[in-house]
Amino acid sequence: MNPRKLAEKLLHKANQDMAAFEKWRQDSEIAGGILGFHAQQAAEKMLKAVLSSRGIEFPFTHRLADLIDTIRENGITIPEELEDLRFLTPFAVEFRYEIYEEDEEEFDFEATCTLLTKLQEWVKTVIYS
């Protein structure tokens, strides 16, 4: 698959995770860990879309810090505020498969949604410019 098509496919899949996050965040029956998982997946796919759009092979990882570092190492300037995405990494695996207390740490749904929207806007700019 050519890099641009893969980037667009990854962005489409990320948008699906964002839609789940946005729809379910108002539902008190949906656990924070599930919402965090979809937020992390959206961020991961969007960061990989940026790399793909530039023809850069991305590592097989769920670690957002690694993806952000790879973006920077390849000369792509990522807005500093998007560094805050790193906090989502544990939702990829640890919170899905380990026993943890839901209320150990408050999950800020609004701030996460705002951050994902900013990431989405930046990713579109990178891919379509």
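The values are calculated or read from the model by the stated rules, or taken from the named source; none is laboratory data. A quick note: this is a predicted structure, and the numbers were derived from the prediction, not measured. Cβ sites come from the backbone with ideal geometry, for glycine too, and all protein chains shown count toward neighbours.
Beta carbons closer than 9 Å, at least 6 apart along the sequence or on distinct chains, pair a first residue in the range 76-87 that is more than 13 Å from L64 (Cα to Cα) with a second that is part of a loop (DSSP other than H, G, I, E, B) for I76/R54; I76/I56. Has the range 41-52 got at least one residue that is over 17 Å from V126 (Cβ atoms), buried (at least 16 other Cβ atoms within 10 Å of the Cβ) and either more than 12 Å from the chain's Cα centre (by Cα) or free of Cβ contacts under 8 Å to residues at least 40 places away in the same chain (or both)? Checked the range 41-52: no residue is over 17 Å from V126 (Cβ atoms), buried (at least 16 other Cβ atoms within 10 Å of the Cβ) and either more than 12 Å from the chain's Cα centre (by Cα) or free of Cβ contacts under 8 Å to residues at least 40 places away in the same chain (or both).
Residue count for the range 63-93 satisfying the condition of being modelled with pLDDT under 90 and in a loop (DSSP other than H, G, I, E, B): 1.
Being more than 12 Å from the chain's Cα centre (by Cα), of a type in the set (D, E, K, R) and not in a helix (DSSP H, G or I) is the requirement here; does E8 meet it? Give the derivation first.
Details: more than 12 Å from the chain's Cα centre (by Cα): yes; of a type in the set (D, E, K, R): yes; not in a helix (DSSP H, G or I): no.
No; evaluated as a whole, the condition is false for this residue.
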